[in-house]
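Enquirer: Please see the structure below; I have some questions.
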Ligand SMILES: *Cc1c(COP(=O)(O)O)cnc(C)c1O
């Protein structure tokens, strides 16, 4: 079918870029060594701090989130260092693979892709490491492949309970600005984030928020680094500059996105995401299908993973939804290919966009021949009628 109207980009990132952000980026690129640029850069660096929940410097890279993953590792660790990782899903798997390729020794705790990091298991692993060989714990806050959110405050407590000095590195690429997050208060050492999910920007920017402890570790860390090195970036950043050409127009967009988050208020942003996630789960269960996340405490507020019944292909549902309703849903990643589709409900989003999204999923499931209750969406609409 020839698509008409507006495309529904309901993958869990990149998300729908608001018109305000698109317009803000459609401006002439300026001299990145001039005073107007410095004002822009200092403004966005300051505006990002409440979003990360930090008063420390934030490094901005002209790179996708994967680059900021690498930056977190090469700035804090040395060849042969041990890092503890948990198999919560596809992104946790990719990040630990990167750690291995960079020359780190990875302890990868197996998981079932339906749960987050188990704080008790973390305490046990660290308590057993009496020689403090583990130098860092790597956690994906919101596993975008599964729709499971790990409980970072409990993870911090688990590390403290073991009395272990390992650094805590957290990937918030699909949670920042959608799900409550506090870099300083939760004692995170490096927070990794990206532009194209909760921050409502196109892909192309990524971030590291850095604790004083991580900054100290960077002075002795010996993994090879050049482009990712925090030091020259922080140094130039104090005056509002970058050691290389920054992604100026994305920074225009970031300034506008930060204004939007500030106008709505972060607590309201988080509550909106939780409410949309709750309505989505009501629809999924109304259809008689299963939500992938298996722990009530860990449901993601930014996306929902949906299991299709055995004998049906989740990618066929996605193909039907794209063809008939001009909507993109997230595919099943890694081990979940064909078994799961993912509904993104993060970023610039409202009740009717969610209602349209869920109606499209329902019609797509019926059209693809998946046996469901074709009134399931009503439970979500009832939820949306309440505040
Ligand atoms: C999207 C995503 C990534 C990968 O980020 P890129 O921008 O594609 O490099 C990593 N981790 C999580 C949790 C993500 O959602």
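Only the coordinates and a few stated rules stand behind these numbers; no lab work does. Because the structure is predicted, anything quoted here is derived from the model rather than measured. Using ideal geometry, Cβ is built from the backbone for each residue, glycine included, and neighbour counts are taken over all protein chains shown.
Enquirer: Determine, for 299, 312, the number of other Cβ atoms within 10 Å of each Cβ, and report the residues in order from fewest to most.
Expert: Fewest-to-most ranking of 299, 312: 312, 299.
Enquirer: How big is the Kirkwood radius of the range 289-362, worked out from every pair of different alpha carbons and given in Å to one decimal? Numbers along the way, then the final one.
Expert: On the way: mean 1/r = 0.0777 Å⁻¹.
Roughly 12.9 Å, rounded to one decimal.
Enquirer: With r as the distance between the Cβ atoms of residue 112 and residue 222 and R0 = 51 Å, compute the FRET efficiency 1/(1 + (r/R0)^6) and round to 0.05.
Expert: It comes out at approximately 0.90.
Enquirer: Go ahead and set up a Gaussian network model of the chain, Cα springs under 10 Å, then flag whichever of 59, 140, 192 fluctuates most.
Expert: Judging by the Gaussian network model, the answer is 59.
Enquirer: Counting only Cα, what are the radius of gyration and maximum Cα-Cα distance Dmax of the range 194-285, in Å?
Expert: Both quantities, over Cα of the range 194-285: 17.9, 52 Å.
Enquirer: So, how do all the Cα-to-Cα distances of the range 110-178 break down into 5 Å bins, in percent, from 0 on up?
Expert: Per 5 Å bin, starting at 0, the Cα pair percentages come out as 4, 17, 27, 23, 16, 9, 3, 0.
Enquirer: Per q in 0.21, 0.22 1/Å, what log10 I(q)/I(0) does a Debye calculation on the alpha-carbon atoms of the range 1-129 return?
Expert: -1.33, -1.37
Enquirer: Moving on to the next point. Note the angle between two axes, namely the Cα long axis of helix 119-128 and the longest principal axis of the Cα atoms of the chain, as a number of degrees from 0 to 90, rounded to the nearest 10.
Expert: The angle comes out at about 30 degrees.
Enquirer: Is the chain best put as rounded, prolate or oblate by its Cα gyration tensor, with a ≥ b ≥ c the root eigenvalues, rounded for a/c under 1.5, and otherwise prolate when a/b is larger than b/c, oblate when not?
Expert: Since a/c reaches 1.5 but b/c is at least a/b, the shape of the chain is classed as oblate.
Enquirer: Oh, and also: For the chain, what does the relative contact order come out to in percent, with C-alpha contacts under 8 Å and a separation of six or more? The partial results should precede the final answer.
Expert: Details: 815 pairs, mean separation 91.9, N = 387.
Answer for the chain is 24 percent.
Enquirer: Further question on the same structure: Bin width 5 Å, alpha-carbon pairs only: give the P(r) of the range 12-85 as whole percents, running from 0 to the bin holding the largest distance.
Expert: Values per bin, smallest distances first: 3, 10, 13, 20, 22, 16, 8, 5, 4, 1.
Enquirer: Continuing with this model, one more query. Pairing the Cα long axis of helix 152-161 with the longest principal axis of the chain, what angle in degrees results, from 0 to 90 and rounded to the nearest 10?
Expert: Tilt relative to the chain: about 40 degrees.
Enquirer: In what sequence do 105, 143 fall when counting other Cβ within 10 Å, fewest first?
Expert: 105, 143
Enquirer: So for the pair residue 121, residue 310, with labels modelled 7 Å out along Cα→Cβ, what separation do we get in nm?
Expert: So the label points at residue 121 and residue 310 sit 2.4 nm apart.
Enquirer: Using Cβ contacts closer than 10 Å as the measure, can you line up 270, 252 from fewest to most?
Expert: 270, 252
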